[in-house]
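These notes concern the structure reproduced below.
The values are calculated or read from the model by the stated rules, or taken from the named source; none is laboratory data. Quick caveat, the model's predicted, so the values are computed rather than measured. FYI the Cβ positions are ideal-geometry reconstructions off the backbone, even for glycines, and counts take in every protein chain you see. Side chains included, ligands, DNA and RNA excluded: accessible areas come from the protein's heavy atoms. Shrake-Rupley method; radii C 1.70, N 1.55, O 1.52, S 1.80 Å.
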Amino acid sequence: MTTTAPPTSAPPTTTRTVTRPGDRIFAGMSRGSGILLLVVMAAIAIFLTVRAVSAISKDHTNFLTTFEWNASLTPPSFGVAVLAYGTVVSSIIAMLIAVPIAVGIALFITHYAPRQLGGPIAFVIDLLAAVPSIIYGLWGALFLVPHLHGLNLWLDNYFSWTVIFAKEDPNSSARSLFTVGILLAIMILPIITNVSREVIRQVPKMHQEAALALGATRWEVIRLSVLPFARSGIISASMLGLGRALGETMAVATVLSASPQLSAHLLDPIGGTFSQNIVAKFGEADEFGRDALIASGLVLFVITLLVNGAARIIIQRRKEYSGANA
Amino acid sequence: MKLQRKSGLRALTVGAVAITGALVLTACGSDNNDDSSSTPSSSGQPSTSAAANAGSISCEKGQILASGSTAQQNAIDSWVKNYQQACPGSTINYKGSSSGEGIVDFNQGTDAFAGSDSPLKDTEIAASKKVCTDGQGISIPMVGGPIAVGYNLPGVDNLVLDATTLAKIFNSQITTWNDPAIKALNPSATLPSSKIQTVHRQDESGTTDNFTKYLKGAAPAAWPYEHAKAWAGKGGQAAAKSAGVASLVKQTEGAIGYFELSYATASSIPTVKINTGASAPVEATSANSSAGIASAKVVGTGADLSLDLSAAYVTKTDNAYPIVLVTYEIACDKGNKPATLPLTKSFLNYIASADGQAQLTAQGYAPLPDAIATKVRSTISALS
């Protein structure tokens with residue numbers, strides 16, 4: 001509608017514009033892309049819901065509170081309690097580790113590092129994103145897990161009063177949600193760093209120079225002008241990273257010792273995540289078992305929607321308070 | 001200044017693409033090398049006998065698709081290689097996915113035969129009637145094998161356990177290595193006081209199904225769960241696939257886990273000898289598990305040759321290993337597709353033949369005992 005309005009209202013100035021068909025094609029294409037996106041999302045949602053409903057209706061136990069996943073039992077019994085817990089907890093651990101480091105790297109590259117150093121660091125971070133997740137899984141299982149054993153013992157020794165770092169059996173290997181969290185943190189680092197770096201680079205020079213002129217140190221410049229301006233961008237970047245952490249499959253399946261138990265002890269080798277469970281159970285699942293797994297996929301879909309919705313609201317609110325529109 | 005940095009970035013991107021491209025290419029390259037280096041080794045000893053084998057192969061031309069269990073993949077691969085060498089113009093394409101997927105493929109009509117770790121269930125037989133006109137899907141036992149129980153206990157070489165102790169260990173009722181029950185079976189060994197780390201499969205698997213069938217069959221009092229593809233026992237750690245279980249056992253001191261014998265051999269993991277009540281504890285070997293399978297009963301009706309292994313689990317015959325699994329080939333008894341029937345029959349005939357079965361031992365599988373093999377051969381000859 002709006003694209004057709006300007007040409008008619010301003011014929012005298014734009015009579016010789018050649019870009020009009022291009023404009024129209026571009027508008028059509030972008031509108032088409034938007035609609036296509038909605039259609040695809042709706043198709044995914046409908047597919048998941050239809051298949052899930054038929055499975056959940058035959059589930060003998062409460063789908064949301066059951067720990068065990070055994071769809072081939074008669075009567076079938078499966079639930080997502082452990083999976084939802086594991087997915088959320090491992091993602092939270094990943095975010096707690098990755099976001100500060102990623103923002104730190106981004107600030108270092110843009111504000112502290114000499115040019116010769118910033119470039120290579122950015123490049124290496126970019127490369128991290130190109131490593132396939134199964135490689136992370138192999139590295140995690142064969143290198144990270146054995147090497148984290150010492151750290152686990154240390155945490156258990158000095159921090160077992162926190163409950164979360166208590167370990168039921170000190171000798172059990174480090175195939176825990178905690179290790180998965182660390183691995184996920186490494187995996188989501190590049191995307192958060194990259195986007196944060198770009199956002200931080202967009203902070204107007206005037207803001208920073210004004211702060212410097214007032215006698216602010218470099219840290220004060222970052223704290224007073226850079227971070228407030230970049231905050232909503234950094235949150236968006238973190239949400240992109242969180243999206244990857246929530247859905248990561250192969251690396252988690254390779255590293256985690258999955259079992260249907262729920263525990264606050266993060267170092268114990270138990271737990272599971274949605275996508276890990278799907279990849280572990282899909283191969284041998286019959287028709288009904290697949291529907292059940294799709295039902296668990298629907299829950300992950302809903303969790304992702306909720307998280308993204310919450311992020312949008314936060315970003316929206318921040319935007320009003322920061323001086324980003326100046 | 002800015003422009004320069006941008007072009008610098010671009011150069012970096014090009015560099016990154018080049019490097020990742022190179023990595024990807026080398027990855028493919030090494031993959032291929034793996035293939036070509038492993039194929040001679042698996043076909044090395046068969047190829048010497050390939051000429052002799054050719055006698056038992058009556059060649060057919062054509063192309064068939066098959067898919068299913070990865071447990072029998074190595075056996076099928078070497079059979080396919082021999083068959084195709086002896087019979088130019090034939091292509092047999094076996095995709096190792098999983099038993100579940102193999103049956104789904106078969107019942108959709110894409111497979112000439114499917115490989116499965118367990119015989120067809122009633123619902124799957126019902127579904128197969130759509131594909132097999134006038135007939136139904138039948139399960140033909142083909143590849144036997146021992147499930148080895150591997151452990152990692154430095155200083156202990158000849159660990160002996162029995163079914164009840166195994167069940168209690170895997171259900172976290174026996175938790176330390178110097179438990180009196182283990183000590184009683186290993187009077188001369190010096191057992192540490194460390195905790196037992198049991199390792200099981202995190203994915204659903206036929207191996208788990210068969211292992212828990214054994215525990216339930218041989219020690220019903222100590223193993224309260226029904227057999228299932230998903231692990232039901234309490235405690236322990238989980239790893240993905242047999243390879244994952246084997247590597248976790250290898251990595252963790254005090255660990256014990258179950259997997260097919262070939263994984264134990266490949267990673268040189270010592271395996272538990274089973275005290276079955278025979279005159280001496282039985283080791284997991286191909287020959288011993290063939291002897292174990294010999295006590296299995298055929299329970300399938302008609303052409304179906306589903307086996308009941310429960311007698312094998314409690315066998316007390318000398319040198320008969322009780323923890324065994326048998327994988328099946330699924331085909332239609334009647335109503336196979338005419339286009340693929342000759343090649344399917346010819347190939348199955350070959351792998352069930354004495355020559356075909358003889359190749360299993362070298363790969364850690366167990367040949368079918370003669371009584372069952374005879375039935376298998378006559379069933380295959382009757383496929384139509």
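The rows are residues; the columns are (1) under 24 Å from B:E124 (Cβ atoms); (2) acidic (D, E); (3) assigned to a helix (DSSP H, G or I).
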site	(1), (2), (3)
B:D304	yes, yes, no
B:D318	no, yes, no
B:Y321	no, no, no
B:E329	yes, yes, no
B:L348	yes, no, yes
Original post:
So, in the stretch A:103-118, of the ones that are surrounded by 13 or more Cβ atoms within 10 Å (Cβ to Cβ) and of a type in the set (A, V, I, L, M, F, W, C), which residue ends up farthest from A:I192 (Cα to Cα)?
Top reply: A:A113
**OP:** Could you list all residues from the stretch B:259-279 that are of a type in the set (G, A, S), in a loop (DSSP other than H, G, I, E, B) and either within 19 Å of B:V326 (Cα to Cα) or out of contact with any Asp or Glu (no Cβ under 7 Å at 6 or more places or on another chain) (or both)?
**Re:** B:S267, B:S268, B:G277
**OP:** Scan the stretch A:151-169 for residues that are open to solvent by 20 Å² or more (accessible area, probe 1.4 Å) and part of a helix (DSSP H, G or I) and jot them down.
**Re:** A:L151, A:L153, A:W154, A:D156, A:N157, A:Y158, A:F159, A:S160, A:W161, A:T162
Original post:
Applying the selection to the stretch B:281-310, what residues are of a type in the set (V, I, T), within 17 Å of B:R377 (Cβ to Cβ) and surrounded by 23 or more Cβ atoms within 10 Å (Cβ to Cβ)?
Top reply: B:I293
**OP:** Could you pull out the residue among A:L96, A:L83, A:L73 that is hydrophobic (A, V, I, L, M, F, W, C), more than 13 Å from the chain's Cα centre (by Cα) and assigned to a helix (DSSP H, G or I)?
**Re:** A:L83
Original post:
Considering only the stretch B:223-273, how many residues are more than 8 Å from chain A (Cβ to nearest Cβ), in contact with a strand residue (DSSP E or B) (Cβ under 6 Å, 6 or more places away or on another chain) and more than 21 Å from B:G145 (Cβ to Cβ)?
Top reply: 1
Original post:
In this structure, does A:S196 turn out to be in contact (Cβ under 8 Å) with a residue 24 or more places away in the chain, of a type outside the set (D, E) and within 14 Å of chain B (Cβ to nearest Cβ)?
Top reply: no
Original post:
Of the residues in the stretch B:196-245, how many are in a helix (DSSP H, G or I) and among the aliphatic types (A, V, I, L, M)?
Top reply: 4
**OP:** Tell me which residues, restricted to the stretch A:253-298, are in a helix (DSSP H, G or I) and either at pLDDT below 90 or within 10 Å of chain B (Cβ to nearest Cβ) (or both).
**Re:** A:A253, A:T254, A:V255, A:Q276, A:N277, A:V279, A:A280, A:K281, A:E287, A:F288, A:G289, A:R290
**OP:** Run down B:L153, B:L159 and say which single residue is surrounded by fewer than 24 Cβ atoms within 10 Å (Cβ to Cβ), in contact (Cβ under 8 Å) with a residue 60 or more places away in the chain and within 14 Å of another protein chain (Cβ to nearest Cβ).
**Re:** B:L153
Original post:
For the stretch B:122-195, which fully contained helices (runs of 4 or more DSSP H) count at least 1 residues that are farther than 23 Å from B:I323 by Cβ?
Top reply: B:122-128, B:180-185
Original post:
Residue check, B:K95 against (1) within 13 Å of chain A (Cβ to nearest Cβ); (2) in a strand (DSSP E or B); (3) in contact (Cβ under 8 Å) with a residue 40 or more places away in the chain, all met but one. Which one?
Top reply: (3)
Original post:
What about B:K129, is it open to solvent by 10 Å² or more (accessible area, probe 1.4 Å) and at pLDDT below 90?
Top reply: no
**OP:** From the list B:L309, B:L325, B:L343, pick out the single residue that is among the hydrophobic types (A, V, I, L, M, F, W, C) and within 30 Å of B:E60 (Cα to Cα).
**Re:** B:L343
Subject >> Search result, residues across the stretch B:176-203 that are within 14 Å of another protein chain (Cβ to nearest Cβ), touching a residue at least 60 places away in the same chain (Cβ under 8 Å) and either aliphatic (A, V, I, L, M) or open to solvent by 10 Å² or more (accessible area, probe 1.4 Å) (or both) >> reply: B:P192, B:S194, B:I196
Original post:
Is it the case that some residue within the stretch A:229-246 is more than 14 Å from every other protein chain (Cβ to nearest Cβ), in a helix (DSSP H, G or I) and more than 21 Å from the chain's Cα centre (by Cα)?
Top reply: yes
**OP:** Return only the number of the condition from (1) among the aromatic types (F, W, Y); (2) more than 14 Å from chain A (Cβ to nearest Cβ); (3) more than 30 Å from B:S378 (Cβ to Cβ) that B:Y214 does not satisfy.
**Re:** (3)
Original post:
Do any residues in the stretch A:149-174 that are more than 15 Å from B:S194 (Cβ to Cβ) have Cβ atoms under 7 Å from those of residues that are surrounded by 13 or more Cβ atoms within 10 Å (Cβ to Cβ) and among the basic types (K, R), where the two are at least six apart or on different chains, and which pairs are they?
Top reply: A:N152/A:K167; A:D156/A:K167
Subject >> Check on B:A291, part of a loop (DSSP other than H, G, I, E, B) and at pLDDT 90 or above >> reply: no
**OP:** Could you please let me know if A:L38 is farther than 26 Å from A:A253 by Cβ and either surrounded by 18 or more Cβ atoms within 10 Å (Cβ to Cβ) or without any contact (Cβ under 8 Å) to a residue 60 or more places away in the chain (or both)?
**Re:** yes
Original post:
Of all residues in the stretch B:357-377 being touching a residue at least 40 places away in the same chain (Cβ under 8 Å) and among the hydrophobic types (A, V, I, L, M, F, W, C), which is surrounded by the most Cβ atoms within 10 Å (Cβ to Cβ)?
Top reply: B:A366
Subject >> Scope the stretch B:226-280; condition farther than 25 Å from A:P260 by Cβ, more than 17 Å from the chain's Cα centre (by Cα) and aliphatic (A, V, I, L, M); matching residues >> reply: B:I269, B:V272, B:I274, B:A278, B:A280
Subject >> Selected residue (criterion: surrounded by the fewest Cβ atoms within 10 Å (Cβ to Cβ)) from residues of the stretch A:81-102 that are touching a helix residue (DSSP H, G or I) at 6+ places or on another chain (Cβ under 8 Å) and more than 16 Å from A:L177 (Cα to Cα) >> reply: A:I101
Subject >> Matching residues, the stretch B:278-328, being among the hydrophobic types (A, V, I, L, M, F, W, C), under 14 Å from B:L261 (Cβ atoms) and free of Cβ contacts under 8 Å to residues at least 60 places away in the same chain >> reply: B:V282
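Go through the stretch A:170-202 and count every residue that is part of a loop (DSSP other than H, G, I, E, B) and open to solvent by 20 Å² or more (accessible area, probe 1.4 Å).
Residues meeting the conditions: 3.
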Subject >> Verdict on A:R31 being of a type in the set (D, E, K, R), out of contact with any helix residue (DSSP H, G or I) (no Cβ under 9 Å at 6 or more places or on another chain) and modelled with pLDDT of 95 or more >> reply: yes
